[in-house]
Amino acid sequence: QVQLVESGGGLVQPGGSLRLSCVAPRIIYDIYLLGWYRQAPGKQRELVATITSNRNTNLADSVKGRFTISRDDVKRTIYLQMNSLKPEDTAVYYCNAKRADTDYWGQGTQVTVSS
């Protein structure tokens with residue numbers, strides 16, 4: 001069973017920062033498109049950011065200029081650096097690995113932005 005292990009969520013004040021991490025198995029890390037999605041209460045899950053093995057990135061318009069996605073090939077880890085957080089960023093954030101019709105998901109980590 002493929003496991004994507006996330007960490008780094010928590011409670012932060014508006015304007016603050018958090019960094020999420022996701023560790024993937026080597027075979028997944030090397031060949032799958034990796035990324036982050038989020039789901040707020042009562043809303044559909046939405047794409048936040050993706051990164052390819054060549055480090056090409058794609059970010060949702062709502063987070064451009066505030067969030068950065070990166071990867072560490074030695075640690076088999078992707079990161080989501082979140083700055084200037086807003087209350088509307090509050091959601092469960094999920095790590096995702098995608099290839100063709102196959103998706104793997106992490107267990108999710110809660111991010112709450114509130115004063």
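The values are calculated or read from the model by the stated rules, or taken from the named source; none is laboratory data. Please read these numbers as outputs of a predicted model, since none were measured by experiment. Glycine gets a Cβ as well: all are built from the backbone with ideal geometry, and neighbour counts include every protein chain shown. The protein model used for the area step is the full one, side chains on, heavy atoms only, and it has no ligands, DNA or RNA in it. Shrake-Rupley method; radii C 1.70, N 1.55, O 1.52, S 1.80 Å.
Shape class of region 69-115 from the alpha-carbon gyration tensor: oblate, with a/c at 1.5 or above and b/c at least as large as a/b.
So for the chain, what percent of the C-alpha to C-alpha distances run longer than 24 Å? Of all Cα-Cα pairs in the chain, 18 percent lie more than 24 Å apart. Ranking Thr109, Tyr37, Val74 by how far each Cα lies toward the positive end of the dipole of the chain (charges on Cβ) leaves Val74 at the top.
Quick one: accessible area per residue over the chain, 1.4 Å probe, rounded to a whole number of Å²?
Details: 6250 Å² over 115 residues.
Averaged over the residues of the chain, the accessible area is 54 Å².
Ordering of 65-72, 80-87, 40-47, 17-24 by packing is 17-24, 80-87, 65-72, 40-47, highest average first (other Cβ atoms within 10 Å, averaged per residue). In percent, rounded to a whole number, the relative contact order of the chain is 37, using alpha-carbon pairs under 8 Å and six or more apart.
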